[in-house]
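Down below is the structure, laid out as structure tokens.
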Amino acid sequence: MEPVFTFRAQPALDVRKRELDTRRRELGTAEWELRAARQLFTEAEQTLRAAHDQARVTLQHAGIEQYVWHRVWIDRVERAKAAHAVTVAQRQDDVAKAAASCRKAKQRVDAMEKLREKALAAWEHEARLREQRELDALATMRFVSDVRARARRKAS
């Protein structure tokens, strides 16, 4: 039966691969949340520009009461925009942390895979040496057998 390579640290490698998958999912989630926060920030900017434009038109054509209402609305949109800016900054930090965690997990997996490759190469080298020893032993037995057969023929 042909010997089979077994990597004794395979369970640790599997754990690290699962950890890497988890970190990648966390990074994906963080990036998605960052995109959503940026979208909300962009929408708030657009709403703010529209509010300023509408306030100018209201000031020109309507009364002061409607302009005051627009100013209150503009203040509320500016506060929302500022809150979205804070959220975007937090999400950027989350993405940076998740990316760093993902890189570390990837490095750990790479290290284990490199260790596995070295162990496999050593195992294959040992298997080649073992096979060579067997072939050498077989060749020696054939040689000895041939020498003995020749000696018997000469003796007969």
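Based on other C-beta atoms within 10 Å, arrange S101, S145, S156 from fewest to most.
With the fewest neighbours first, S101, S145, S156 line up as S156, S145, S101.
Most exposed first by the Cβ proxy, i.e. fewest other Cβ within 10 Å, how do K17, K118 rank?
Fewest-to-most ranking of K17, K118: K118, K17.
Please give the charge dipole size of the chain, origin at the Cα centre, charges +1 on K and R Cβ atoms and -1 on D and E Cβ atoms. Round to the nearest 20 debye.
In total the dipole reaches around 1300 debye.
Per residue of the stretch 65-76, in order, report the coupling 6.51 cos²θ - 1.76 cosθ + 1.60 (Karplus, θ = phi - 60°) as ³J(HN,Hα) in whole Hz, putting x for Gly and Pro.
For the stretch 65-76, the Karplus curve yields 4, 5, 5, 5, 4, 5, 5, 5, 4, 4, 4, 5 Hz.
Using a Förster distance of 30 Å, how high is the FRET efficiency between K106 and R35, based on the Cβ-Cβ distance and rounded to 0.05?
It comes out at approximately 0.85.
Using the 2.2 N^0.38 Å rule of thumb for compact globular proteins, work out how the chain stacks up: its C-alpha Rg over that value, please.
With N residues counted in the chain, Rg over 2.2 N^0.38 Å equals 2.48.
In sequence order, what are the phi-derived ³J(HN,Hα) couplings for the stretch 77-86 according to the Karplus relation 6.51 cos²θ - 1.76 cosθ + 1.60 with θ = phi - 60°, rounded to whole Hz, with x for glycine and proline?
Residue by residue, the stretch 77-86 yields 5, 5, 5, 5, 4, 5, 5, 5, 5, 5 Hz.
Just report the Cα centroid separation between the stretch 1-40 and the stretch 135-153, whole Å.
58 Å
Sorted from largest down, give the three principal axis spans of the alpha carbons of the stretch 38-103, whole angstrom values.
Largest first, the stretch 38-103 extends 59, 14, 9 Å along its Cα principal axes.
Could you tally up the Lys pairs in the stretch 10-112 with alpha carbons closer than 22 Å? Skip any pair fewer than 8 positions apart unless they're on separate chains.
4
Using the Karplus curve 6.51 cos²θ - 1.76 cosθ + 1.60 with θ = phi - 60°, what ³J(HN,Hα) values do you get for each residue of the stretch 41-57, in whole Hz, with x for Gly and Pro?
5, 4, 4, 5, 4, 5, 4, 5, 4, 5, 5, 4, 4, 5, 5, 4, 5
Values quoted throughout were computed directly from the atomic coordinates according to the rules given, and no laboratory measurement underlies them. Source: prediction; values computed, not measured. All Cβ positions, even for glycine, are placed from backbone atoms using ideal geometry, and neighbour counts span all protein chains on display.
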